[in-house]
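J.: Quick one: structure below, then a few questions.
The values are calculated or read from the model by the stated rules, or taken from the named source; none is laboratory data. Treat the numbers as computed from the prediction; the structure is a model and nothing was measured. For neighbour counting, all protein chains shown are included, and Cβ atoms are generated from backbone atoms with ideal geometry for every residue, glycine included. The protein model used for the area step is the full one, side chains on, heavy atoms only, and it has no ligands, DNA or RNA in it. Shrake-Rupley method; radii C 1.70, N 1.55, O 1.52, S 1.80 Å.
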Amino acid sequence: MNKKFETIILAAGKGTRMNSKTPKVLHKVGGKPMLQHVIDAAKRSGSSREVVIVGEGAELVTQSITGVEFVLQKEQLGTAHAVLCAKENFVASDGNVLILCGDTPLLTTTLLKNFTAAHEDSDCAATVLTAYMPDPTGYGRVVRKENGDFKEIVEHKDASADEREICEVNAGCYCFDVQKLFGALDKVTNNNAQGEYYLPEVLTILKSAGEKICVFKADYAEETLGINSRVQLSAADKSMRMRKERELMESGVTIEDPNSTYIDVEVEIGQDTIIKPNTFLEGNTKIGSDCVIGPNVRFENMIVGNNVKAQFSYCHDATIDNDVTLGPYVHVRPGTRISDRVKVGNFVEIKNSNIGKGSKLPHLQYVGDADVGENVNLGCGVVTCNYDGKNKYRTKIGDNAFIGCNTNLVAPVTVESGAYIAAGSTITKDVPKDNLAIARSRQTNIPNWNDKRK
Ligand code: UD1
Ligand code: CA
């Protein structure tokens, strides 16, 4: 069993190599900011408190992330200095503190649990997480003594040619006895190639003071990838998505072509749903069971029930209940709720509207700011005229109403239940229950007109 521990997450760095206006730790992997991944992994592995060190773009970071404490590092003088900024926050702490970097989004809960447990079970003042990287460029190298014990960490820029050959790297993740850490942190110097206060130096300092330093090597190096550039960002994104798709497939979701499917990490999908190629499931989308989604569907923050079939469509910030058929070529916009058994067909746009159970919108409709009842039939080309250039108005259609083809419903307007509207009508007045409304000029046939013309 893991004991509770506190966590410090370093997220103040410039991220110079990203070449971005956005702080590095807010760049997304699998649709979620890197920093949020690290925070979530810490929380899930038993962290009782997370203190995040912010600096570069601090305002943006503190706005985007919730449920943690923030400490400002005004100047980015290095990773040791970043931790030192939190000293005041840990005067009352005892036990162990986990230190993570905000740019290692692939850390898993299993790895962090094993890592913190190994430290817990040892008599070491500090344990450092390491990994074997075939290309260790950029990482701090782990130098061991001949007997295999930890000697020191040498940063890439400070390393000799021989040290650069070492493929065991510092993952930037540590467990410390919290009081021993802060006791030694003041002694770190910036006498190195980058003129920075390096956190790994604290390991050497503790060691010289007679403390034991443990090394914990991760089984899967990929989980410790540090993201410093956009090339590494895209590699991490790919790994994260593959991990997510594997999880979903293991839980009973069919993904026909994982390579052309993009599913954000927070998305939930029920059993026996089939995801067809070229499908994008983003944000907080939740999909029920027995659905067929795709090909070519983009769902963003969608709540979708069971047995829904959707193809070639874009839907965002809306709710779709059960047994609904959607597409091809449907755009469902925010604030929409589509109830059970509704059929939405070719080239239909629905915005900020409620569509009642069993209603049909089979082709070429625009429905905006409308409340459509149950079992309503909207003919081809029905348009809600919801906007007069200044304000938006609602259209109400009662249960079992039948709206003929090419009808304009000029809002605000109500069509009561059971009413019929003749094709081609422009409806500007309410239609009472069970009435037939015809709002078009009568047809005149002029006999022999063509003969006269000749
Ligand atoms: C760091 C480690 C290196 C390790 C690598 C793992 C040091 C000196 N080096 O190098 O041994 O192999 O991580 O990924 O620690 N940060 C601050 N304040 C600062 C500087 C950095 O909060 O003043 C934060 C950054 O936002 C980042 C983390 O600390 O999240 C690591 O900083 P970064 O500059 O990426 O260090 P690396 O060069 O990758
Ligand atoms: Ca880094």
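J.: Just by accessible area at a 1.4 angstrom probe, what is the order of 298, 49, 440 from largest to smallest?
T.: Largest to smallest exposure gives the sequence 440, 298, 49.
J.: If you find the alpha carbon centre of the stretch 3-62 and of the stretch 300-341, how far apart are they in angstrom?
T.: Using only Cα atoms, the two centres lie 34 Å from each other.
J.: Which whole-number value in Å² is the accessible area per residue of the chain, probe 1.4 Å?
T.: That works out to 48 Å² per residue.
J.: Taking residue 360 as the anchor, which lysines have their alpha carbon closer than 21 Å to its alpha carbon, excluding any fewer than eight residues away along the same chain?
T.: 309, 343, 351, 396, 433
J.: Give me the one-decimal nm value for the distance between modelled label points at residue 250 and residue 442, 7 Å along each residue's Cα-to-Cβ direction.
T.: 7.5 nm
J.: Also: Semi-axes of the equivalent ellipsoid for the chain, please: Cα gyration tensor eigenvalues, times 5, square-rooted, ordered largest first, whole Å.
T.: 62, 21, 20
J.: Could you let me know the centre-to-centre spacing of the stretch 411-454 and the stretch 355-370, using Cα atoms, in angstrom?
T.: 21 Å
J.: Related question: Hey, for a label at residue 317 modelled as a point 7 Å past Cα toward Cβ, could you say which residues of the stretch 344-358 have their backbone N under 16 Å away?
T.: Counting backbone N atoms under 16 Å from the label point, the list is 350-354.
J.: Local charge sum around residue 290 (other residues, Cβ-Cβ under 12 Å, Lys/Arg +1, Asp/Glu -1)?
T.: So the environment of residue 290 carries a net charge of -1.
J.: Also: Taking a quarter of the surface of the convex hull around the Cα atoms of the stretch 251-329, what do you get in nm²?
T.: Average of the hull's projected areas for the stretch 251-329 equals 4.1 nm².
J.: So what is the orientation-averaged projected area of the stretch 79-210, using the convex hull of its C-alpha atoms, in nm²?
T.: If you wrap the Cα atoms of the stretch 79-210 in a convex hull and average its projections, you get 8.6 nm².
J.: Continuing with this model, one more query. Count the net charge of all other residues whose Cβ sits under 13 Å from the Cβ of residue 84, scoring Lys and Arg as +1 and Asp and Glu as -1.
T.: -2
J.: Dipole magnitude of the stretch 331-414 about its Cα centre, charges +1 at Lys/Arg Cβ and -1 at Asp/Glu Cβ only, in debye to the nearest 20?
T.: 140 debye
J.: Using the Cα centre as the reference, give the magnitude of the dipole from point charges on the C-beta atoms of the stretch 5-224 (Lys, Arg: +1; Asp, Glu: -1; all else neutral), rounded to the nearest 20 debye.
T.: Result for the stretch 5-224 is approximately 500 debye, rounded to the nearest 20.
J.: So, R0 is 51 Å and r is the distance between the beta-carbons of residue 16 and residue 417; what FRET efficiency does that work out to, to 0.05?
T.: 0.20
J.: Ok, one more. Heavy atoms only, probe 1.4 angstrom, no DNA, RNA or ligands counted: give me 175, 101 ranked by accessible area, highest first.
T.: Accessible-area ranking of 175, 101, largest first: 101, 175.
J.: Continuing with the same structure: Figure the gain on full extension for residue 144 and residue 189 (residue separation times 0.36 nm, minus the Cα-Cα span) and round it to one decimal in nm.
T.: Result for the pair: 14.0 nm of gain on full extension.
J.: How would 337, 144, 442, 17 rank on accessible area, largest to smallest, probe 1.4 Å?
T.: 442, 17, 337, 144
J.: Now, a different point. Pop a pseudo-label 7 angstrom from the Cα along the beta-carbon direction at both residue 391 and residue 66 and give the gap in nm to one decimal.
T.: Distance between the two pseudo-spin positions: 3.3 nm.
J.: A further question on this structure: Roughly what would the spin-label model give for residue 109 and residue 242, points 7 Å off Cα along C-beta, in nm?
T.: Once both label points are built, they end up 2.3 nm from each other.
J.: Given a Förster distance of 56 Å, report the FRET efficiency between residue 274 and residue 217 from their Cβ-Cβ distance, rounded to the nearest 0.05.
T.: 0.90
J.: When ranked by the protection proxy of mean other Cβ atoms within 10 Å per residue, highest first, what sequence do the peptides 386-395, 75-84 form?
T.: 75-84, 386-395
J.: If you count, for each residue, the other Cβ atoms within 10 Å and average over each peptide, how do 231-241, 272-282, 122-132 line up from highest to lowest?
T.: 122-132, 272-282, 231-241
J.: Related question: Give the angle, between 0 and 90 degrees and rounded to the nearest 10, that separates the Cα long axis of helix 230-250 from the longest principal axis of the Cα atoms of the chain.
T.: 70 degrees
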